[in-house]
1. Scan segment 235-272 residue by residue and report those that are polar (S, T, N, Q) and touching a residue at least 12 places away in the same chain (Cβ under 8 Å).
2. How many of the residues in segment 187-216 are within 24 Å of the chain's Cα centre (by Cα), touching a residue at least 40 places away in the same chain (Cβ under 8 Å) and either closer than 22 Å to Phe64 by Cα or open to solvent by 80 Å² or more (accessible area, probe 1.4 Å) (or both)?
3. Residues to consider are Leu125, Leu137, Leu102; find the one that is of a type in the set (A, V, I, L, M), out of contact with any Cys (no Cβ under 7 Å at 6 or more places or on another chain) and exposed (fewer than 15 other Cβ atoms within 10 Å of the Cβ).
4. For Val72, which of the numbered conditions (1) exposed (fewer than 15 other Cβ atoms within 10 Å of the Cβ); (2) among the aliphatic types (A, V, I, L, M); (3) at pLDDT below 95 fails to hold?
5. Could we say that Val299 is surrounded by fewer than 19 Cβ atoms within 10 Å (Cβ to Cβ) and in a helix (DSSP H, G or I) here?
6. Which members of segment 78-99 meet the condition of being under 17 Å from Ala327 (Cβ atoms) and surrounded by fewer than 21 Cβ atoms within 10 Å (Cβ to Cβ)?
7. Determine which member of the set Gly158, Gly184, Gly176 is open to solvent by less than 60 Å² (accessible area, probe 1.4 Å) and over 20 Å from the mean Cα position of the chain (by Cα).
8. State which residue is least open to solvent (accessible area, probe 1.4 Å) when the search covers only segment 1-19 and only residues that are farther than 19 Å from Glu252 by Cβ and outside any helix (DSSP H, G or I).
Amino acid sequence: MKFKRIEWIDFGRGFTIFLVVVGHVLSGIYTNHIYPNSDGLLMFFGEFIFLFIMPVFFSLSGYFFKAPENMVDYIVMIKKKAWNILVPYIVFSFVYVLLNQLGGKSKEYSWGDLLKIWYHPISYLWFLYILFFIFILVGAFSLLKVSLRLQLLIYFIGFILVQVLKINFYIFNVFGWVVFFCLGLLFKKDLNCIKSKGILSASLVLSILGYLLMIKFVGLSHAYYNDVSLVNFIPKVIFDILLFSFFLNIDEESKLFKYFKQYGKYSLIIYMVHAPVLSAIRAIILKFTMPNVFVLMVVLLIIGWVSCLVVIWMNNRFRLINFIFNAYARDRKIVCVRMNYSLI
């Protein structure tokens, strides 16, 4: 059976994952204070990106969520997610720590941290950790026939309690991000509403205004923009609506659409590969020279992006590489054509 892809979804994933790479290029420079005089400007653009990229990915994953009809369906779903999410999660936890140990003088993670990944994710891999438990949670409520509106209320109350009580266990972050996952389900029910030009214009104005107000009242801090909190929850929701509306309105004949559409189905690969590559390349460059900040940004972006494309090429040709990114697939000959929509 031929698997028909949804082009605006592929564009959305491809375009957003590119912004993820850009965001990590910038954050890798200003969080390490490589160019102190440029930190403020880089943070302004970097934290702007981090404000919306992860909500969009959670909503895109939620858009394709299929509620299990019975316990057998639920168990099969969890099994599939365990393979397709946890295998790359474990593999790249090891890769990231390895490169961190071989990199510069600053050792962010130790080998002992690998023993803790079941409750504390390594760096950017928190997304896969949270996504896996979101599938467990939403799948369970759906199995119990709890309506989406009631689920949203339960999740939001849980999110408020976690924030107010300041619960630090990482798994409780599920209550914040699951709301965006469910927004994807809501968007699917009425795409024409968010496709409206009025919604696109209004959300654009409100997004920019919200970001500027956040800068004014809380300043620029990575924790305020990347993680979901009471401070940034509403701006993230507005940005989520804005990006979905943009994906639906962009001209499908434009070069921008055609370029990023082709990489949407490989967004998981790009997400997993780019961070350790950027970290390693940045350490190597700075070990031998201190280029202009703009030159470093461009070089990191080009090498990081091209490296991801090389791994995509390898994924389409080597079963071992393909297994890492799509472990549950039963037929390795067709898996590259039918990449799983429910991941990134």
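The values are calculated or read from the model by the stated rules, or taken from the named source; none is laboratory data. Small disclaimer: the values here were computed from a predicted structure and weren't measured. All Cβ positions, even for glycine, are placed from backbone atoms using ideal geometry, and neighbour counts span all protein chains on display. Heads up: the accessible areas ignore ligands, DNA and RNA and are worked out on the full protein's heavy atoms, side chains in. Shrake-Rupley method; radii C 1.70, N 1.55, O 1.52, S 1.80 Å.
1. Result: Ser245, Asn249, Gln262, Ser267.
2. Qualifying residue count for the region: 5.
3. Result of the check over Leu125, Leu137, Leu102: Leu102.
4. Unmet for Val72, out of (1) exposed (fewer than 15 other Cβ atoms within 10 Å of the Cβ); (2) among the aliphatic types (A, V, I, L, M); (3) at pLDDT below 95: (3).
5. Taking the combined requirement at face value, the residue satisfies it.
6. Ile78, Lys79, Lys80, Ala82, Trp83, Leu86, Val87, Ile90, Val91, Phe94, Val95, listed by residue number.
7. Gly158
8. Of everything passing the filter in segment 1-19, Phe3 is least open to solvent (accessible area, probe 1.4 Å).
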